[in-house]
Structure formats: C-alpha cells, structure tokens
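Undergrad: To start, I am sharing the structure in question, which I have written as structure tokens.
The values are calculated or read from the model by the stated rules, or taken from the named source; none is laboratory data. Everything quoted here is computed from the prediction, not taken from an experiment. All Cβ positions, even for glycine, are placed from backbone atoms using ideal geometry, and neighbour counts span all protein chains on display. Side chains included, ligands, DNA and RNA excluded: accessible areas come from the protein's heavy atoms. Shrake-Rupley method; radii C 1.70, N 1.55, O 1.52, S 1.80 Å.
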Amino acid sequence: MALGTDRTPGGDGGGQRPADAGDRAARAARQAGESARMAREERRETEKERADRRWTELLQEVRVAQMGIQILLGFLLSVAFTERFTDLGTVDRNIYVVTVVLGSAATGTLIAPVALHRFVTGHRMKPQTVEWAARLTITGLVLLLCTVTCALLLILRVVLHNGLAWWIVGALFMWFVGAWFLLPAWARRVGPRQARREG
C-alpha cells in the first residue's frame with residue numbers, strides 16, 4: 001500500500017482515522033530511536049560507556065532527592081515526641097501517620113537503586129540496572145511528592161485552623177506536579193523538534 005492511502009479524501013477536512021494515529025506513533029518511536037542513536041554518535045560512546053555515564057548522573061540526582069526526604073522524615077519522626085502532638089485531633093493524627101508512612105516508603109525507594117546496584121554488580125547487567133534504578137527513582141519522586149503534600153497539609157491545618165489549608169496545599173501540589181513531571185514531559189516532546197530544526 002502506498003504511503004498516505006489510508007487518509008481521508010480531501011486531506012485536512014476529515015477526522016483522523018485509526019491508521020493516522022498509528023502512523024504518528026510509529027513516526028514518534030522512529031524519531032526517538034533516531035535521537036538516541038544521534039546522541040550516542042555525538043558522544044562517540046559505547047553501550048557500556050553510556051550506561052556508566054547514565055549511572056553517574058542518576059546517582060547525583062538520587063543524592064539530592066535522598067537528602068530532601070531524609071531531612072523531612074527526620075523532622076516528621078521528631079514531631080511525635082513534642083508536647084503539642086497530644087493536642088492533635090483524630091484527622092490530623094491520621095494525616096501524620098499517612099505522611100510518616102509515605103516518607104518511609106519514599107526513603108526506601110530512593111535508597112533502593114544503591115542496593116540494587118550493589119547486589120547485581122559483577123553480573124554484567126549495568127544497562128538493565130540503570131533502567132530499573134531510573135524507574136525506582138521516579139517512583140521515589142512520586143512518593144516524595146505525596147509526602148511533602150501531606151506534611152504541608154498537616155502543618156497548615158494546625159496553623160490556619162480553616163479550609164484555606166486545603167486550597168493552598170492543592171495549589172502547591174499542582175505546582176510540584178508541573179515542575180517535576182509536566183515540564184520534563186514537555187521538554188522531551190519539544191526538545192527533539194528543536195534539535196532537528198537546528199540540525
């Protein structure tokens with residue numbers, strides 16, 4: 001079948017057919033593969049060198065996230081031993097428990113890449129290890145986002161004593177989602193196009 005024969009007559013006027021969406025997805029996959037290949041060629045690095053570089057970059061990123069969650073978790077754990085903790089209502093105590101659990105889960109998830117690397121070192125699995133560690137790091141960032149959100153909610157409920165706390169926390173949650181996840185997703189989509197135009 002010739003290219004473009006699955007399109008509706010008239011080109012621009014009709015709606016998209018399923019084949020158009022499939023073609024677009026295939027083109028996006030080809031472009032992503034081409035971008036990765038060009039990046040490797042520009043750096044002139046082997047697959048092993050690329051895995052080593054990505055692992056070093058990942059470790060630097062994980063250190064930043066680990067420091068943040070460890071400080072936050074340390075603060076949360078100390079709250080239970082303060083005098084004012086006994087004055088918290090049932091809702092605030094439940095928020096506190098959820099926050100501590102999320103903080104512990106985030107800490108464990110962000111430390112997991114180090115444990116994973118240590119246990120598989122020497123088994124010639126560096127590229128796979130980097131992929132798994134990257135997924136763990138993203139999961140840890142999601143848990144960190146939830147921990148920070150719950151901690152803010154607890155603090156603002158205690159300070160403000162009204163429903164304004166929920167609105168402030170909701171706005172901050174959307175800001176974190178935008179800065180941590182939506183902006184990188186947008187950059188991944190727009191960056192290759194700009195690189196192709198400049199190239």
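Undergrad: Taking Ile111 as the residue in question, decide whether it is aliphatic (A, V, I, L, M) and either in contact (Cβ under 8 Å) with a residue 60 or more places away in the chain or under 20 Å from Leu153 (Cβ atoms) (or both).
TA: The answer is no for Ile111.
Undergrad: Just checking, how many residues over the stretch 75-86 are in contact with a helix residue (DSSP H, G or I) (Cβ under 9 Å, 6 or more places away or on another chain), part of a loop (DSSP other than H, G, I, E, B) and either open to solvent by less than 30 Å² (accessible area, probe 1.4 Å) or hydroxyl-bearing (Ser, Thr, Tyr) (or both)?
TA: Residues that pass the stated criteria total 0.
Undergrad: Go through the stretch 54-74 residue by residue and tally those that are free of Cβ contacts under 8 Å to residues at least 60 places away in the same chain and open to solvent by 60 Å² or more (accessible area, probe 1.4 Å).
TA: 8
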